[in-house]
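The values are calculated or read from the model by the stated rules, or taken from the named source; none is laboratory data. On a predicted model such as this, the values are computed, not experimentally measured, just so you know. Here the Cβ is made from the backbone with ideal geometry for all residues, glycine too, and neighbour counts use every protein chain on show. Each accessible area value is taken on the protein alone, full model and side chains, heavy atoms only, with ligands, DNA and RNA left out. Shrake-Rupley method; radii C 1.70, N 1.55, O 1.52, S 1.80 Å.
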Amino acid sequence: MASTTTNKKEIVDFLWDWAGNSDWAKLLVHKVVSTESGLQPTDREEVFKYFLYAIGLEKGLSFLTIEKPSYSPTSKKIELFALSEVTGVNKLAKGQTLAFAPNLTVLYGENGTGKTGYGRILKTLGFSYDQNNTILTNIFGAAESQSAKIDYKANGTSETFAWTGKNKNNDLASISVFNNNCVQISLDGSRQLIVSPIGFHLFNLVSTELGALDVLLQNKKSEYPVLISWIENLNENTPQHLFINNLSKDSNEQKLIELSTFGDEQEKELSVKEIELSNLNKALLQNEIRSLNYQITELNTITKKVDQAELVLNTDAWSKLIMINKSITELEKNTQKCISEIALLKGIEFYETNEFKTFLNSAEAYIKKIEKPDYPQKEDVCIYCRQSLEGDAKELLENYRRLLNDKTEETLAKLKKSKQDLLDSVNGIDAALKLNQPSFGSDEKENPIQPDELKTYNENLSLLIKTFISGVVLEESAHKFKYDDFKDSISNKKEQLQDFLTTKNELLDNIEAKETELKKFISELKDQKYLSVRVEEIRIVIGNHKMLSILNKKANSFSTNSISRKTSQAREELVSQDFNHLFQQELKALSKSGLPIELSFGTDRGKTKLSHKISNHQLLEILSEGEQKSIALAEFLTELQLDNIKAPVIFDDPVNSLDHKIIDSFAKRVIRLSEQRQVVIFTHSVLLFNSLLYLSTQPSFRQFKYKFYNSQKEYDFVGVISDAEEEKNKVTQNIKKINALINNKPKDRSEIDVAKEGFGELRSAIELCIEHEIFNGTIQRYQKHVSLGKFIQVNTDGLGKHKDTLNDMYERCCGYINAHSNPVPACNDPSIEDLKADFEEFKKIRLEFVN
């Protein structure tokens, strides 16, 4: 909203200082001050063109001669006339009209009677600390579109605004609203002022325009794209790739030509290099090297097997076998000769049979078992027939035992075992060697060739092994097998394969280097060819880099930091002292001048921010709810004085948590405020309502125009408005409600429920009748004075006549409802007839005091 209050020093002076010697900034200030609003797109484009002109990116503009503009705050008065035709807002009843008094309008209602619904409509159109403007339809009924009619005057001209729930009105945007939520928002840390100090909205406008100009700057920069989308098509780290990747305003034209020239000569060279690269078969070399390694490994394995055969089957083994055979033969002859001599001498038959040998061995084993190593002795008997041993028999046994216990047999057994071990080791020699790798080539079936040397080796060795294993080796048999001949042939082949392997490895090493070299060369040629058809595009991008460099150097031209600093300077000189003074006056008016509140101001993007503390503590941390409400009201009232637009101010339940003294002080303050601007109050506080009603009749405030309303609930709807020309809580209000309940009983409620509500209204009517009519208002609730003049007019005869009847009726009412007084024990459930009877009796009694 535009500001209207005059200052001691011109706001424009600060803005002009900010503009300095910049023509575009002066043009901006001039346009903002002239219109007091955001610039039109064409005007903003003009300012931006002069910015470009200043940095050499725009030509053909005329020279500017701009004088410092003058500034006269806008004067405006908004006055609400009526709010009507409301639909779709909470549970507000239709057909209601809230007419506003020129000075003060008060709408009283208990909780849930709809008064805040009317306030929400006005709040969506105006401004407030509380930015939540959500308005729900009747959630208990069918959804309806929201609408309302608002009649008002702007500078004396009658206007009508059709509200649809979302649309705004520039005139009504000046309405200010204070509700309970504003307390927390107002005092929580720091916040922006909701009313811009007089002329300070110009700083905010300039700041906003700087943001819009920065958007234009970003859009202008976007006209100079520098992104090369096809850079990924280039080969990594080629000179062309590096050049494109590092394009800048300093990129060299000569270098570009050097890297992008591509003709027939380069095309031919590229073709040659590609063919050369294709002829390098790295995979084939790697396979050949792998095969050679397998072949050499296999030949090494065969050589080891030949060495193992030579270690087992050699001249020494041959000689050993011959020696073992001789020894076995000699021992077997000696053993057989001794036995035969003894047998012939003693005339023993069949001594050469196995049975005889078994017989002797068994007897010897038995003698050892009975542990008679010296058997036979003189007294021993024969171990078979148990007869006494004669001289020849004893001698024969001694000879047998001597031969059987001789070591010849043991030695013979060992020799036989040694021979068998030797034969087994020879038998384990591999004489079927075979090549699985093509070391000597492959046949027509791709099978590895087995060389003649290998075949001969296998055949000769097999024959030699067979001869050796037969065990019959003559001494003159010579071991003539030559292992070295075969090993030499294998060794020669290994050397040949190793030479091949070395050659292949060297070739592979060279091919990788060559391949790398060729690929690098080919990549550069391909990138050179790729760039050759994009030279003009690259030139454009280099040009764009040059333009962006100029724009980026001036990227801070539209920063709001400088205007914020200038705002802070202006605020310190023009606002802070006046705000503090006005704030202290408002605190005094609300009886809170003793609070040592420290105010401080800041700036955020051209907007003034306010913070407040007491001894470095946040106010919400240390003050009571009533003190918080008082300070928030004082700040709100102070801010209203910063702007000279005379627009309505709305208070929605402004005195919650305030004591009766502050409520009276607030009532006086808003009546004084209504002299400057229209005031509308929505409240459920009887204290505030009565205080305002009372003050409206006092000489100091009688000249102002007031309207007092009551908002009530009727059945399923709220916001039913009625006049409250006299003090709230008059008997006539209760009488109207009772008549409505008796004559128009709701169909969806039981008779008992309706009757109980009626007796509740009758109870209130009795109380108010006694207060206002029987005692003639001598003493009134919520009022400070006692009227002795009214006391002498009390109808004492009627009081004595009807006091008992009224007391009985009152106690019956208390028995039917949940009241705060001390009721008698509950009666039976009431009926409408019961209500009618007591109501008619009450009206008769009342007539004696009101006529």
Would you call residue 670 closer than 26 Å to residue 92 by Cβ and modelled with pLDDT of 90 or more? yes
Determine, yes or no, whether residue 432 is out of contact with any Leu (no Cβ under 6 Å at 6 or more places or on another chain), surrounded by fewer than 16 Cβ atoms within 10 Å (Cβ to Cβ), modelled with pLDDT of 85 or more and hydrophobic (A, V, I, L, M, F, W, C). yes
Looking at residue 101 and the list (1) open to solvent by 10 Å² or more (accessible area, probe 1.4 Å); (2) outside any strand (DSSP E or B); (3) not acidic (Asp, Glu), which single condition is not satisfied? (1)
Tell me which residues, restricted to region 694-738, are under 19 Å from residue 760 (Cβ atoms), of a type in the set (S, T, N, Q) and surrounded by 14 or more Cβ atoms within 10 Å (Cβ to Cβ). 710, 711, 712, 729, 733, 734
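With the condition kept exactly as written, say whether any residue in region 256-266 is charged (D, E, K, R) and surrounded by 11 or more Cβ atoms within 10 Å (Cβ to Cβ).
Yes - at least one qualifying residue is present in region 256-266.
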State which residue is most open to solvent (accessible area, probe 1.4 Å) when the search covers only region 48-69 and only residues that are aromatic (Phe, Trp, Tyr) and not in a loop (DSSP other than H, G, I, E, B). 53
Only one of (1) surrounded by 12 or more Cβ atoms within 10 Å (Cβ to Cβ); (2) over 24 Å from residue 549 (Cα atoms) fails for residue 45. Which number is that? (2)
Just to be sure, is residue 160 out of contact with any Ser or Thr (no Cβ under 9 Å at 6 or more places or on another chain) and β-branched (Val, Ile, Thr)? yes
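Confirm whether residue 286 is at pLDDT 80 or above, open to solvent by 60 Å² or more (accessible area, probe 1.4 Å) and assigned to a helix (DSSP H, G or I). Give the steps one after another, and end with the answer.
Details: at pLDDT 80 or above: yes; open to solvent by 60 Å² or more (accessible area, probe 1.4 Å): yes; assigned to a helix (DSSP H, G or I): yes.
Here the answer is yes, as residue 286 does meet what is asked.
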Screening 305, 273, 249 for residues that are at negative phi and within 41 Å of the chain's Cα centre (by Cα) leaves only 249
Is there a residue in region 267-278 that is among the polar types (S, T, N, Q), more than 28 Å from residue 433 (Cα to Cα), open to solvent by 70 Å² or more (accessible area, probe 1.4 Å) and without any contact (Cβ under 8 Å) to a residue 24 or more places away in the chain? yes
Take the residues in region 447-464 that are open to solvent by less than 80 Å² (accessible area, probe 1.4 Å) and in a helix (DSSP H, G or I), then tell me which one is farthest from residue 481 (Cα to Cα). 454
Please give the number of the condition residue 95 fails out of (1) on the phi > 0 side of the Ramachandran plot; (2) surrounded by 15 or more Cβ atoms within 10 Å (Cβ to Cβ). (2)
Could you go through region 537-546 and let me know if any residue there is more than 30 Å from residue 226 (Cα to Cα) and open to solvent by 70 Å² or more (accessible area, probe 1.4 Å). no
Scanning region 479-492 residue by residue, those modelled with pLDDT under 90 and open to solvent by 60 Å² or more (accessible area, probe 1.4 Å) turn out to be 480, 482, 484, 485
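Conditions (1) without any contact (Cβ under 8 Å) to a residue 12 or more places away in the chain; (2) among the acidic types (Asp, Glu); (3) surrounded by fewer than 16 Cβ atoms within 10 Å (Cβ to Cβ), marked per residue:
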{"site": "510", "(1), (2), (3)": "yes, no, yes"}
{"site": "523", "(1), (2), (3)": "no, no, no"}
{"site": "527", "(1), (2), (3)": "no, yes, no"}
{"site": "531", "(1), (2), (3)": "no, no, no"}
{"site": "535", "(1), (2), (3)": "no, no, yes"}
{"site": "550", "(1), (2), (3)": "no, no, yes"}
{"site": "557", "(1), (2), (3)": "no, no, no"}
Note on region 53-95: residues closer than 28 Å to residue 11 by Cα and in contact with a strand residue (DSSP E or B) (Cβ under 6 Å, 6 or more places away or on another chain) are 77, 78
Residues being of a type outside the set (Lys, Arg), within 43 Å of the chain's Cα centre (by Cα) and open to solvent by 10 Å² or more (accessible area, probe 1.4 Å): count how many of those fall in region 104-123. 4
Some residue of region 579-594 being part of a strand (DSSP E or B), open to solvent by 20 Å² or more (accessible area, probe 1.4 Å) and modelled with pLDDT under 75: no
Go through region 129-146 and count every residue that is open to solvent by less than 90 Å² (accessible area, probe 1.4 Å) and either in contact with a helix residue (DSSP H, G or I) (Cβ under 8 Å, 6 or more places away or on another chain) or in contact (Cβ under 8 Å) with a residue 60 or more places away in the chain (or both). 5
I'm checking my understanding of the structure. Among residues of region 670-712 that are closer than 18 Å to residue 648 by Cβ and of a type in the set (Val, Ile, Thr), which one is farthest from the chain's Cα centre (by Cα)? 671
Can you confirm whether region 162-184 contains a residue that is at pLDDT 85 or above, surrounded by fewer than 22 Cβ atoms within 10 Å (Cβ to Cβ), more than 26 Å from residue 636 (Cβ to Cβ) and of a type in the set (D, E, K, R)? yes
Of everything in region 212-246, what is without any contact (Cβ under 8 Å) to a residue 12 or more places away in the chain and within 33 Å of the chain's Cα centre (by Cα)? Give them in sequence order. 215, 218, 219, 222, 227, 229, 232
How do the pairs read when you match residues in region 62-81 that are within 17 Å of residue 151 (Cβ to Cβ) with residues anywhere that are in a loop (DSSP other than H, G, I, E, B) and at pLDDT below 85, using Cβ under 9 Å and keeping only pairs 6 or more apart or on different chains? 77/645; 78/645
Taking the condition closer than 30 Å to residue 543 by Cβ and among the charged types (D, E, K, R), does residue 36 pass? no
Output for region 211-257, where each listed residue is among the hydrophobic types (A, V, I, L, M, F, W, C) and assigned to a helix (DSSP H, G or I): 212, 213, 215, 216, 217, 231, 242, 243, 244, 256, 257
